[in-house]
1. Give the calculated FRET efficiency between Arg44 and Thr186 to the nearest 0.05, with a Förster radius of 45 Å applied to their Cβ-Cβ distance.
2. For segment 3-99, what is Rg from Cα atoms divided by 2.2 N^0.38 Å, rounded to two decimals?
3. Over the Cα atoms, compute the radius of gyration (one decimal) and Dmax (the largest Cα-Cα distance, rounded to a whole number) for segment 76-146, in Å.
4. Which order results if Ile142, Ile175, Ile108 are arranged by neighbouring Cβ count within 10 Å, fewest first?
5. Could you list, in their original order, any pairs among Lys164/Lys199; Lys20/Lys106; Lys24/Lys53; Lys107/Lys199; Lys164/Lys192 whose Cα atoms are separated by more than 24 Å?
6. Taking the inverse of the average 1/r across all pairs of different Cα atoms in the chain, what Kirkwood radius in Å do you get?
7. Looking at the P(r) of segment 107-222, how many percent of alpha-carbon pairs lie beyond 22 Å?
8. In terms of modelled amide H atoms, which long-range or inter-chain residues lie less than 5 Å from the amide H of Gly42?
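None of the figures in this text is laboratory data; all of them are computed from the coordinates on show. Not measured: the values here are computed from a predicted model. We place every Cβ from the backbone using ideal geometry, glycine too, and count neighbours over all the protein chains shown.
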Amino acid sequence: MEKSNFPITDWSEDDKPREKLMLKGKEALSDAELIAILIGSGSRNESAVSLSKRILSSAGNLNALGKLSISSLMQFKGVGEAKAISIVAALELGRRQRSEDALIFKKISSSKAVFEIMQPIIGQLPHEEFWILFLNNSNSVISKSQLSKGGITGTVVDVRLVFKLAMENGATALILCHNHPSGNLTPSEADKQITKKIKQAGESLDVKVLDHLIITESKYYSFVDEGIF
């Protein structure tokens with residue numbers, strides 16, 4: 001019988017995820033071992049590490065695992081509500097940490113920089129969201145704000161609210177962002193119209209609209225890069 005089928009308590013100290021983290025540091029642990037620490041225990045016939053490997057193998061990778069709901073995780077034998085909640089909470093914390101790291105004092109010099117900020121936030125969502133990045137005179141991000149949230153078919157954008165938030169943040173420029181859950185990067189006519197409408201409003205209020213990005217899980221479409229602006 002393979003070692004992974006024995007309870008963690010029967011392993012040597014080096015093989016126990018908690019002890020391994022203490023002795024060798026977090027970087028020494030595999031994804032499955034880190035998840036095993038989260039869920040705490042396996043079952044009579046399967047260790048926590050073996051269960052974690054099975055979950056990861058089924059999901060494909062951590063990004064895909066982060067999309068699973070509590071009820072989906074509970075479909076795995078050996079995963080109850082408490083374990084499922086622990087996994088969802090940990091992965092959500094990781095997602096938020098990545099988005100905060102990407103934003104802090106970020107100066108926008110390219111569309112790729114915008115993608116790096118917004119992909120962790122909206123790139124993997126199953127529904128569409130419209131966000132604004134507010135920038136200062138140096139093109140550094142002051143803040144970000146979700147403007148609307150909708151279904152797969154699209155969102156409703158309030159142009160007045162865009163510039164109300166811009167004034168409140170003291171922004172001199174802004175960048176529009178929304179996701180396409182379908183993975184299709186082609187802008188719709190509605191996307192083009194709302195971009196034109198917001199850009200024209202910004203010109204009259206002396207707030208520059210620098211770009212509009214459509215974001216998917218791994219790619220993006222920039223209106224500026226594609227010559228639409």
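1. Details: r = 52 Å, r/R0 = 1.16.
In this case the efficiency is close to 0.30.
2. Details: Rg = 13.1 Å, N = 97, 2.2 N^0.38 = 12.5 Å.
Relative to the rule-of-thumb radius for its length, segment 3-99 sits at 1.04.
3. Rg and Dmax of segment 76-146, Cα atoms, are 15.6, 54 Å.
4. The most exposed by this proxy come first: Ile142, Ile108, Ile175.
5. Lys20/Lys106
6. About 19.9 Å, per the Kirkwood formula over Cα pairs.
7. 25 percent
8. Those qualifying (amide H under 5 Å, at least 5 residues apart or on another chain) are Ala48.
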